[in-house]
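Note sheet for the following structure.
The values are calculated or read from the model by the stated rules, or taken from the named source; none is laboratory data. Since this is a predicted model, take the numbers as computed values, not measurements. Heads up, the Cβs are rebuilt from the backbone with ideal geometry, glycines too, and the neighbour counts pull from every protein chain shown. Just the protein is used for accessible areas: all its heavy atoms, side chains included, with ligands, DNA and RNA removed. Shrake-Rupley method; radii C 1.70, N 1.55, O 1.52, S 1.80 Å.
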Amino acid sequence: MPTPLKPRFDIFYRHDALTQLLFDYAAAHPQLVSVESIGKSYEGRDIWVATLTNLATGAPQDKPAFWADGNIHAAEVTASTAVLYYLHQLVDAYGSDGEPGRRITQLLDTRTLYLCPRLNPDGAELALADRPRHIRSSTRPYPFDEPAFEGLTVEDIDGDGRVLSVRIPDPHGTYKRHPQEPRLMVPREPGEFGGAYFRVIPEGTIKAFDGLSITVNRDPEGLDLNRNFPTQWRQEFEQVGAGPYPASEPEVRAMVDFFVGHRNIGAAISYHTHSGVILRPFGTHSDDEMIPEDLWAYQRFGEIAEKATGYPAISIFHEFKYHPKEVITGTQDWVYEHLGALFWVVEIWAPNKEAGITDYKWVDWYRDHPVEDEIKLLKWSDEQCGGKAHVDWKPFHHPQLGAVEIGGWDRLNYWRNPPPHLREREAARFPDWMTQVALSLPRLELLRTEVRALGPDTWRVRLAVANSGWLPAYISKRALQRKVVRGVMFEIHLPEDNPAISLVGGKQRIEGPQLEGHAPKHSLHAFVQGRDVTADRAVAEWVVRAPQGTRLALSARADRAGAVRTEVSLD
């Protein structure tokens, strides 16, 4: 049933428009979409989560769930686009013919999806302002709240809606014009002298300028919400922007509280920009320290991700460190290491790859790369972006520096985010992969019920269930290690006010085993095959004294695999 809504994916929605769009989806598809605020940002904006599932097949909390969020970092607004795009694809394809429609219908009939397009509405609003500022995350002043009295504050000073670079002629400058392409600024060679050199600084205003020294101020809003999660939290001296204590920030606390209150979440993805990679845990430890079964699951889903998206799936610890001697912690550590749910960070968009630069290694490329790469990027800007990715230098009278030139790379619109004509293409990479991950979640299903008479008013009642998902009901061995999941919880519901009905044998609530999924534990060619070939099934049994014809309710629940409910008649 295609949705009449036609959102644009070549623009970035500001908060009010995003809010309206989400509620328009809920109004157009009330059986599939609901929207709630899970908390307020520092400035008081709602943090919206859209819940998607077919209500006719069960309540959201009774189904295994998948979470996706975006835009925890202020200027990484394509992350919001990716989550919105998936929401649109889900409601647009539900109930339609063909393979995508069949899979999405099965998904929303059997699973729940929690989609949070913008976890950090304040920072995004600042990045999308008419005169933007590109802070890292929250707008709360941190670690100090007093204004700067000196130094350069990065901001748009010429009023063109972009934050670019300023170049100043300086014989001691680090950069020079490229000999064949003078628009480009490239580094001086070691030992080079005698040319025309420039000092390149961020666009902004300078306070208390002494005519000589320029220090670029840290943003007064120094928080990094992705460093504020509880697991592996470290103080400011070890991890910049971490906040005064774990989950101190309302945006992070809202997400943490939501996860804790929704134990059905078994897998999650957080969208960021940029680098064109899919990142998996650990952030702080080697793969050698990961539980092998969990590593194998991540590797299998990584293969699926690479095939579906074209992005490589890599380890944060081994391949995506900002510095070889430092480790990164964030959402991935809390969701996987603390909760034992599967988690990925997707860094959308790789401008260097778009320009035909193929021999590069993500973070390392941004530290240093061949000058030839700059030529490829400039050609890409000219031919594919109408010359807007790299802005030609233009004279400007700087209020403190005098005659300068402003220009260079437009980082918000072409580096941190794809240009408008490529945003939908990038967002379209991910829905198939997300759907496959969500369909792999464990799902509790009713196998059968049995009632057997043991006497004129005594009955044996059995309830058998199975996990029909690929993943085990506990999701990961890490979850078992952390003791955050229980086995299947069976319950027989007896009326409290009827003395003729009583439980003779068994407990009213029984904790059963952990249920495996249908993922193969061994190859068929393995030396040793598994013994318990029905480890995906469990049964509970009770002996009840009750009159013939009595109807009793039975239920079973696994935190991450959902719930089943049924009734039996004692006949």
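Tabulated results
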item: Total residues in region 105-125, condition assigned to a helix (DSSP H, G or I) and either open to solvent by less than 20 Å² (accessible area, probe 1.4 Å) or at pLDDT below 95 (or both); result: 7
item: Selection within region 385-444 - open to solvent by less than 10 Å² (accessible area, probe 1.4 Å), of a type outside the set (A, V, I, L, M) and assigned to a strand (DSSP E or B); result: 390, 398, 407, 408
item: Meets criteria (at pLDDT 95 or above and open to solvent by less than 40 Å² (accessible area, probe 1.4 Å)) for residue 563; result: yes
item: Filter result (part of a helix (DSSP H, G or I) and open to solvent by less than 70 Å² (accessible area, probe 1.4 Å)) within region 366-384; result: 371, 373, 374, 375, 377, 378, 380, 381, 382
item: Residue in region 71-87 that is open to solvent by 30 Å² or more (accessible area, probe 1.4 Å) and either under 14 Å from residue 14 (Cβ atoms) or of a type outside the set (D, E, K, R) (or both) present; result: no
item: Positions within region 317-360 being without any contact (Cβ under 8 Å) to a residue 60 or more places away in the chain and either part of a helix (DSSP H, G or I) or buried (at least 24 other Cβ atoms within 10 Å of the Cβ) (or both), in sequence order; result: 317, 318, 319, 352
item: Pairs, first within 17 Å of residue 566 (Cβ to Cβ) in region 472-498, second of a type in the set (Asp, Glu), C-beta under 7 Å, six or more apart; result: 489/511
item: Residues satisfying the stated conditions in region 398-444, i.e. in contact with a Lys or Arg (Cβ under 8 Å, 6 or more places away or on another chain) and among the hydrophobic types (A, V, I, L, M, F, W, C); result: 404, 406, 412, 438, 439, 441, 444
item: Some residue of region 467-479 being at positive phi and open to solvent by 20 Å² or more (accessible area, probe 1.4 Å); result: no
item: Residue 188 over 12 Å from residue 148 (Cα atoms) and touching a helix residue (DSSP H, G or I) at 6+ places or on another chain (Cβ under 7 Å); result: no
item: Test result for residue 270, open to solvent by 10 Å² or more (accessible area, probe 1.4 Å) and among the small types (Gly, Ala, Ser); result: no
item: Close pairs (6 angstrom Cβ cut-off, 6 or more residues apart or separate chains): in contact (Cβ under 8 Å) with a residue 24 or more places away in the chain and open to solvent by less than 10 Å² (accessible area, probe 1.4 Å) in region 189-206, of a type in the set (Val, Ile, Thr) and assigned to a loop (DSSP other than H, G, I, E, B) anywhere; result: 203/157; 203/163
item: Number of the exception - residue 363 against (1) in contact (Cβ under 8 Å) with a residue 40 or more places away in the chain; (2) part of a helix (DSSP H, G or I); (3) open to solvent by less than 10 Å² (accessible area, probe 1.4 Å); result: (3)
item: Qualifying residue in region 448-458 (condition: open to solvent by 30 Å² or more (accessible area, probe 1.4 Å), closer than 24 Å to residue 65 by Cα and touching a Ser or Thr at 6+ places or on another chain (Cβ under 7 Å)); result: no
item: Selection count, region 483-519, where residues are in a loop (DSSP other than H, G, I, E, B), open to solvent by less than 100 Å² (accessible area, probe 1.4 Å) and over 16 Å from residue 266 (Cβ atoms); result: 9
item: Pairs, first touching a residue at least 60 places away in the same chain (Cβ under 8 Å) and open to solvent by less than 20 Å² (accessible area, probe 1.4 Å) in region 284-304, second of a type in the set (Lys, Arg) and assigned to a helix (DSSP H, G or I), C-beta under 8 Å, six or more apart; result: 294/477; 294/478
item: Tabulated pairs, region 227-252, first surrounded by fewer than 19 Cβ atoms within 10 Å (Cβ to Cβ), second aliphatic (A, V, I, L, M) and part of a loop (DSSP other than H, G, I, E, B), C-beta under 7 angstrom, 6+ apart or interchain; result: 230/247; 234/242; 235/242; 236/242
item: Of residues in region 1-60 being farther than 30 Å from residue 557 by Cβ, of a type in the set (Gly, Ala, Ser) and assigned to a loop (DSSP other than H, G, I, E, B), the one least open to solvent (accessible area, probe 1.4 Å); result: 41
item: Criterion: surrounded by fewer than 18 Cβ atoms within 10 Å (Cβ to Cβ), under 20 Å from residue 240 (Cα atoms), at pLDDT below 95 and of a type outside the set (Asp, Glu) - qualifying residue of 147, 100; result: 147
item: Residue pairs meeting the criteria (Cβ under 8 Å; at least 6 apart or on separate chains; first touching a residue at least 60 places away in the same chain (Cβ under 8 Å), in region 546-562; second among the aromatic types (Phe, Trp, Tyr) and open to solvent by less than 30 Å² (accessible area, probe 1.4 Å)); result: 546/459; 554/490; 555/490; 556/490; 560/474
item: For residue 152: the one exception among (1) outside any loop (DSSP other than H, G, I, E, B); (2) closer than 15 Å to residue 202 by Cα; (3) open to solvent by 10 Å² or more (accessible area, probe 1.4 Å); result: (3)
item: Residue satisfying condition, being part of a loop (DSSP other than H, G, I, E, B), in contact with a Lys or Arg (Cβ under 7 Å, 6 or more places away or on another chain) and within 24 Å of residue 75 (Cβ to Cβ), within set 159, 195; result: 159
item: Boolean, residue 308 is among the small types (Gly, Ala, Ser) and open to solvent by less than 20 Å² (accessible area, probe 1.4 Å); result: no
